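For reference, the structure discussed in these notes is given below.
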Amino acid sequence: MERLILIKYGELTTKKDNRKLFINVLEKNIVKLLGEIDFKIIKDRVRMFIMSDDKNVDIIINKLARIFGIHSIAMCYKVNNNIDDINDVVVNIIQDKKQKSFKIETKRSNKKFAIPSMEVSRIIGAYVLKKTDYIVDVHCPDLLVKVEIRENDTYVYIDEVKGSGGYPVGVQGSGLLMLSGGIDSPVAGYLALKRGINVECLYFESPPHTSVEAKNKVLKLAQILNNYSGNIKVHVVPFTKIQETIYKEVPSTYMITILRRMMYRIASIYANEKKFKVIINGESIGQVASQTLSSMVVINDVTTTPIIRPVACMDKLEIIDLAKKIDTYETSILPFEDCCTIFVPRHPVINPVLEVAQTYEKVFNYEELIREAINNIEVVNLNKKNNYDELL
């Protein structure tokens, strides 16, 4: 009897001819995120198995639960396709459990195995009743024993850990996340990762108006997202000159509108230069003045790059719940202001007019300021320890 970690693909099984590509990307992501752990992977179109020392099992399963493209994970036991041996394995793995009732669920993909699935379940169930004090409960068992009879071997497991689902990071190409220190944008990044987008982050800083603590807060949020990816870099935009110019030259009601238009211009130019396919942000419709539909139309006017807004139709409580689930919430609420929260006017326009915004922008040379900001972007690679640690 051999112990293995079993991985179920879930949504990947819908990919038909592209399934091999998706599975190969998943394997690559697993290798990267498991890091220095000693392990071996065996994969096919239906399942993936990881072999490692017992001391590594819990660590591996915890890491796998954060990897997108995995439906579920289980510690399984491999046995040959012999009903007597299968019986013994089932009894062996459940006899020390404290549950009272059980159910056997058999999946027989190997149709050459002579005994039908229902009959296999009945035979194993009878053997368990004979050898243990368990009782059968087919409707709500304390213990669900799953038996998979495949071509060469049978796999038995009892405790499945839910995976993160979605697609493996990278299968959809790369996107640039406009990451702030708030609650919404890290959640948007998480949801983009879940759909297979390889996310990197764009952060706008305005020292001395924003603090080092605010920057470190964003880097910490990015590091949390990196636990789901292993690929994240943070591109830090020096935004002070642009923000101060807007504050001096633009009427207060339109400051936020112009600010966001400048951010989108920078994000769009930079995404094009670095070959990102999309821009991602944490905008939620109507949440603040710059996120009304009218504002989005005016702000979006400056770019032709596709914009993905994963939390656009979620309310704040839904976003907070997800932020707590992915462990970004406590960091997001730390009291360090970013450039989106400084210089906020009392009464920002909620229905801006495009022609008015364009008129206000003509009073200063924003193109020169934007090019200067892009030329001085600092890149923090969260996977290079020295590059990240020296900033904290």
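For ILE41 and ASP159, what is the calculated FRET efficiency with R₀ set at 22 Å and r taken between the beta-carbons, to the nearest 0.05? The pair ILE41/ASP159 has a calculated efficiency of 0.55.
Name the shape class, rounded, prolate or oblate, that the alpha-carbon gyration tensor gives for region 298-392, where a ≥ b ≥ c are the square roots of its eigenvalues, rounded holds for a/c under 1.5, and otherwise prolate holds if a/b is larger than b/c and oblate otherwise. Because a/c hits 1.5 or more and a/b fails to exceed b/c, region 298-392 counts as oblate.
Based on alpha-carbon atoms only, what is the radius of gyration of region 174-389 relative to the globular estimate 2.2 N^0.38 Å?
Numbers: Rg = 16.2 Å, N = 216, 2.2 N^0.38 = 17.0 Å.
Rounded to two decimals, the normalised Rg is 0.95.
Cα convex hull, region 1-126: 133 Å³ per residue, rounded to a whole number.
When the P(r) of region 1-60 is calculated, the portion above 16 Å amounts to 45% of the C-alpha pairs. Gain on full extension, evaluated as 0.36 nm per residue between ASN375 and CYS313 minus their Cα-Cα distance, stands at 18.8 nm. Solvent-free Debye calculation, one equal scatterer per alpha-carbon of region 178-285: log10 I(q)/I(0) at 0.12 Å⁻¹ equals -0.42. Shown for region 82-151 is the translational diffusion coefficient from the Stokes-Einstein equation, using the Kirkwood radius over Cα pairs, a temperature of 37 °C and a viscosity of 0.692 mPa s: 269 µm²/s. When you filter the GluC sites (Glu not before Pro) in region 6-63 for DSSP loop state and at most 16 other Cβ atoms inside 10 Å of their Cβ, you are left with GLU36. Of the cross-linked pairs LYS194/LYS277; LYS55/LYS146; LYS63/LYS275; LYS32/LYS217, those separated by over 20 Å at the C-alpha level are LYS55/LYS146; LYS63/LYS275; LYS32/LYS217. Both numbers refer to the Cα atoms of the chain; Rg and Dmax are 26.4, 87 Å.
I need the trypsin sites (Lys or Arg not before Pro) found in region 82-141, filtered to DSSP loop residues with at most 10 other beta carbons within 10 Å of theirs.
On the way: sites: LYS97, LYS98, LYS100, LYS103, LYS107, ARG108, LYS111, LYS112, ARG122, LYS130, LYS131; in loops: LYS97, LYS98, LYS100, LYS111, LYS112.
Filter output for region 82-141: LYS98, LYS111, LYS112.
Computed from the coordinates by the stated procedures, all read-outs in this text should not be read as laboratory data. Just so it is clear, the structure is predicted and the values come from calculations on it, not from any experiment. Glycine also receives a Cβ, built like all others from the backbone with ideal geometry; neighbour counts cover every protein chain displayed.
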